[in-house]
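Data block below; observations after.
The values are calculated or read from the model by the stated rules, or taken from the named source; none is laboratory data. Model, not experiment: these values are computed from the prediction. Using ideal geometry, Cβ is built from the backbone for each residue, glycine included, and neighbour counts are taken over all protein chains shown.
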Amino acid sequence: MRARSGTSIAISAGRFPRKKRPCARSVPIDASHAFANSTRARMRAWGNTRRPTVPLITWRDADGREISANVASGTNLMRAACDAGVPGIHGDCGGALACATCHVATDPVWAERLGPPGPLEDEMLDMVDGERTPTSRLSCQILASEELEGLILIVPPAVL
Ligand code: FES
């Protein structure tokens, strides 16, 4: 077949010309590269170009023993402690601010970063077993986030 402009177009008998596709066999496929690209594309579509974070949180008891765990962002630290098997953190009320069995303390630098407890949490902190400190918090009211990477929570000896 010959087009008007003089260029020739080859058409095999009984077939329509194929559309030129950018994918298929001409492009080498690297599975990990393809996966990474699709993940980035999805994250861009969601308006989120940052990777999901799992900050490392450490619980330290009075004897200096530590348990650390990577905690998914958005998880409350009482739940994370129970999942990690931290002794002394019970979370009897499931995070409903009704038991104070998730009492922890921090050092002053972390306390400043975490901010003060809310009014209900503040009332519950008056009912903790053992001694309330100026940096006491109820861990069910602290949500893991990227900013908490490296946080060390001290489990008071009275609740162990
Ligand atoms: S789990 Fe009950 S107050 Fe935190």
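Here are the numbers:
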read-out: Looking only at segment 55-74, and only at residues there that are aliphatic (A, V, I, L, M) and free of Cβ contacts under 8 Å to residues at least 60 places away in the same chain, the one that is surrounded by the fewest Cβ atoms within 10 Å (Cβ to Cβ); value: ILE67
read-out: Inter-residue pairs, beta-carbon under 9 Å, first in contact (Cβ under 8 Å) with a residue 24 or more places away in the chain and in segment 124-153, second in a loop (DSSP other than H, G, I, E, B) and of a type in the set (Lys, Arg), 6+ apart; value: LEU125/ARG132; GLU146/ARG50
read-out: Number of the exception - MET127 against (1) closer than 17 Å to SER145 by Cα; (2) in a loop (DSSP other than H, G, I, E, B); (3) within 10 Å of the ligand (Cβ to nearest atom); value: (1)
read-out: Residue within segment 103-115 that is under 24 Å from LEU56 (Cβ atoms), under 20 Å from the mean Cα position of the chain (by Cα) and near the ligand (Cβ under 8 Å from one of its atoms) present; value: no
read-out: GLY91 being over 13 Å from LEU153 (Cα atoms), of a type in the set (Gly, Ala, Ser) and within 14 Å of the ligand (Cβ to nearest atom); value: yes
read-out: Options LEU77, LEU143, LEU138, LEU151: the member that is surrounded by 13 or more Cβ atoms within 10 Å (Cβ to Cβ), away from the ligand (no atom under 16 Å from the Cβ) and at pLDDT 95 or above; value: LEU151
read-out: Subset tally (residues that are part of a helix (DSSP H, G or I) and acidic (Asp, Glu)) for segment 76-111; value: 1
